[in-house]
Each structure stands twice: as C-alpha cells, then as structure tokens.
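Encoded as structure tokens, the structure appears first; notes follow it.
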Amino acid sequence: MQEKVTNPSTRGRGKKFTIDEPFHRKEWVNKNTHLYCGNSLDHYESWKKPKTIVSDGAYGILGFNGDTADHKSIGDWYEGHVDAWSRAATAETTLWFWNSEIGWAAAHPILEKHGWKYVNCNIWNKGVGHIAGNVNTSKIRRFPVVTEVCVQYVFEPKINNLTLQEWLYAEWKRTGLTMKSANEACGVKNAATRKYLDQGHLWYFPPVEIFEKLVNYANLKGDQSGLPYFSNDGIMPMTGEQWSKMRSKFKCPHGYTNVWDRSALRGKERIKIPANISKSAHLNQKPLDLMRLIIEASSDSSDVIWEPFGGLFSASLAARMLGRTSFSAEIDSDYFDLGAQRFSEGFLF
Ligand SMILES: C[S@@+](CC[C@H](N)C(=O)[O-])C[C@H]1O[C@@H](n2cnc3c(N)ncnc32)[C@H](O)[C@@H]1O
C-alpha cells in the first residue's frame, strides 16, 4: 500500500497504511457527534461555540503528514487555528493543549497573544515502561522522555479592556467608597479586600452571592453620580447569573493532581491498521480516560466540545460517552475513516 503524501517536507513518519475500501464519506454526523473529513480551518465558522477545546495537533516530530519537523515553526502552524478558537471562545471556554514540552513552549506566546490565559501544566507520565529500558542514554545524551503535556488555558474575559481582577477594583474605586467598606458589603471580616479586590496573585474570582452583595452595596451607597456600578453595558449592573458565566467550568475529581500516571496506550483500545492487528494505526492516539478526565473537568452534559485535530477522534468519542455535543475534523481521509468506525454500533472503542 502506497502512502499518500502531498508535501514531502512535512511527511509524517507515523502513517503506515491507507484504507483499500474507504467509506468515501465527507462527514459522519450522528445525534450530537459531528465528524468532518477536511481541514478544521474550513469548518470552525459553522460549528456551535465551544465550552471546551481539545487541541492535539502538530508536535514538531513529523508525527503525521503535515506535522512540522521541529518546534521552530510550531507557532506559525497553530496561529490560524488559535485565532479561530479565540473568535469562537467565551469567558466559559477552556482549552486543553496537548503537546511535547518544547512544542508547548513554542506555541505558548501565540496562545497568549490571542487572549488565552495559562492556568496549569498537566504532565502525562507514561512511566519507565514506555522506554522498556533500552534507551542508549550515552548516545542521546539526555534523560529519556516519557511524558507529554496537556496544558489548561482559559479565555481571559475583558470588560472595558480590563481583566476581571482589574475591573472589580476599578469599579469599587469609582464608587468613592473606602476599600474596607467592601468587607462590610460582603459581610466578611477582611476577605473582600484580601481576596476579591486584591491586585496581586492572591486574587479570587468572587462567588455569585459575594458578587451580588458587592454590586448591591456599590449601587446603593456609592457616589450616585457614577451609577450604574459593575455594569458591562453601562445601563444595568451585571446580575449574578451573568457573572457566573464570566469564567470557565472546572471540577477536579478527588485525589487528582497535575501529574497523570498512566501508561502509554496499548491493548484493545489502541486502534490497529486494517491489514495487521499488531500494528497501531496512529502514532498519537490518546487514551480515552485522559480525554474523559479533561472533558468532564471543564464541561457539563450537552456542552459543546471541539476537537480540531481529530486523528482517531478520541476526544469526540469521550465526549459522546459523556453526553456532550462534539465537533471535529480530520484532514487525512484514512484516519477519518478509521476514526469514524470507532463510533459504529458494536465497535468497542
Ligand atoms: C496528534 S494527531 C491527533 C490524535 C488524536 N488526539 C487521537 O487520539 O487519535 C493530529 C491529527 O490532526 C490531523 N490534522 C492536522 N492538521 C489538521 C487540520 N488542519 N485539520 C484537521 N485535521 C488536521 C492530522 O492528520 C492528525 O491525524
């Protein structure tokens, strides 16, 4: 079987097959799952706005046709996508950015430039079993790598060009009230000034009921010539309901940290090439349990998940298992076909 290669300079080393009898489908849409064969850049505009984006694209390792040869052009590779994600994101959107350490380092400035705020770097530790003890470290002259990163970003909301932290402080100042009176407003000893109006790293997002107390107090007792306070339209103060949508969702299952000890994917879940059940089909297939972890942490039932670089559609499959709505594209028709088959009835993974 001959591999289809369009651009030899970005020819992936991972692809080992083509499908002899492909579906020849351009899409697979079923209930809340939407899988497209094509370039995600051509699809973003028509997808519903996401609560969660799971990015697993170029790594700079020639992992698939179109991957870059090293990290140096990773920023350029991602920029069009990051721009599209930013246009679709709201304050409730979380981005999970999978990559190698250096690939992420190269992409980070582009993500920041387009409004994505770094939250946390999670490490997938595949363990020593991943190298099976046969790495010649004197030859490679470094410690063997058994990790990938999955970095959590949120889309930083701005009001009047201020971050929420800056805006809360600026609005309170505008009322002419003392900073200390914010504690009285919230019915706390000093938590308002210490947490919610802090301008440093001790800042916390005020919970809805605290926000409502600040808003009511400010609008009742603040300088009446400056009304309304805490408004994002200049007409009405923001409601608790609106405030609750000013940040992304996050739930951490008990006992989890930012290091995910989980062996590399093998066994039944690892999709094999059609003609040879001992060869895995995609170099980068991700474990469903890790995809479920991040989707569950950052979204609720029915929320929209984007998987811009589908591969074998692991994030979309996890999303389906969790009752989410998903949109994904895969540019390579063979991967698309094989990935879409995972959703067929009777197919285990
Ligand atoms: C790292 S793999 C994703 C693997 C996937 N997470 C999984 O578990 O199977 C990246 C995939 O993105 C695809 N891809 C690259 N550029 C793309 C684009 N612009 N639009 C859609 N798919 C793209 C590649 O063909 C490759 O299969």
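The values are calculated or read from the model by the stated rules, or taken from the named source; none is laboratory data. Computed from a prediction, not measured in an experiment: that's the story for all the values here. Cβ placement follows ideal geometry from the backbone for every residue including glycine, while neighbour counts extend to all protein chains displayed.
General remarks:
- The set of residues in region 320-345 that are under 16 Å from the mean Cα position of the chain (by Cα) and within 12 Å of the ligand (Cβ to nearest atom) comprises 327, 328, 329.
- In this entry, residue 309 passes the filter for residues that are surrounded by 20 or more Cβ atoms within 10 Å (Cβ to Cβ), within 9 Å of the ligand (Cβ to nearest atom) and among the aromatic types (Phe, Trp, Tyr).
- Of all residues making up region 251-283, the number that are more than 12 Å from the ligand (Cβ to nearest atom) and crowded, with 17+ Cβ neighbours inside 10 Å: 3
- All positions within region 26-66 that are among the β-branched types (Val, Ile, Thr), more than 8 Å from the ligand (Cβ to nearest atom) and modelled with pLDDT of 90 or more: 29, 33, 52, 53
- Residue under evaluation residue 246, criteria (1) touching a Pro at 6+ places or on another chain (Cβ under 6 Å); (2) in contact (Cβ under 8 Å) with a residue 60 or more places away in the chain; (3) closer than 27 Å to residue 334 by Cβ, criterion not met: (3)
Conditions tested, residue by residue: (1) acidic (Asp, Glu); (2) in a helix (DSSP H, G or I); (3) farther than 28 Å from residue 176 by Cβ; (4) not assigned by TED's automatic domain parsing to the domain that holds residue 90.
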| position | (1), (2), (3), (4) |
| --- | --- |
| 201 | no, no, no, yes |
| 217 | no, yes, no, yes |
| 235 | no, no, no, yes |
| 260 | no, no, yes, no |
| 297 | no, yes, yes, no |
| 302 | no, no, yes, no |
| 305 | no, no, yes, no |
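- Of all residues in region 83-101, those that are buried (at least 17 other Cβ atoms within 10 Å of the Cβ), within 16 Å of the ligand (Cβ to nearest atom) and not in a strand (DSSP E or B) total 4.
- Residue 72 vs. criteria within 17 Å of the chain's Cα centre (by Cα) and either more than 7 Å from the ligand (Cβ to nearest atom) or outside the structural domain of residue 284 (by TED's automatic domain parsing) (or both): no
- Among the strands (runs of 3 or more DSSP E) confined to region 27-68, the ones with at least 2 residues that are in contact with a strand residue (DSSP E or B) (Cβ under 7 Å, 6 or more places away or on another chain) and crowded, with 23+ Cβ neighbours inside 10 Å are located at 33-37, 52-55.
- Qualifying residue in region 284-296 (condition: at pLDDT below 95 and near the ligand (Cβ under 10 Å from one of its atoms)): yes
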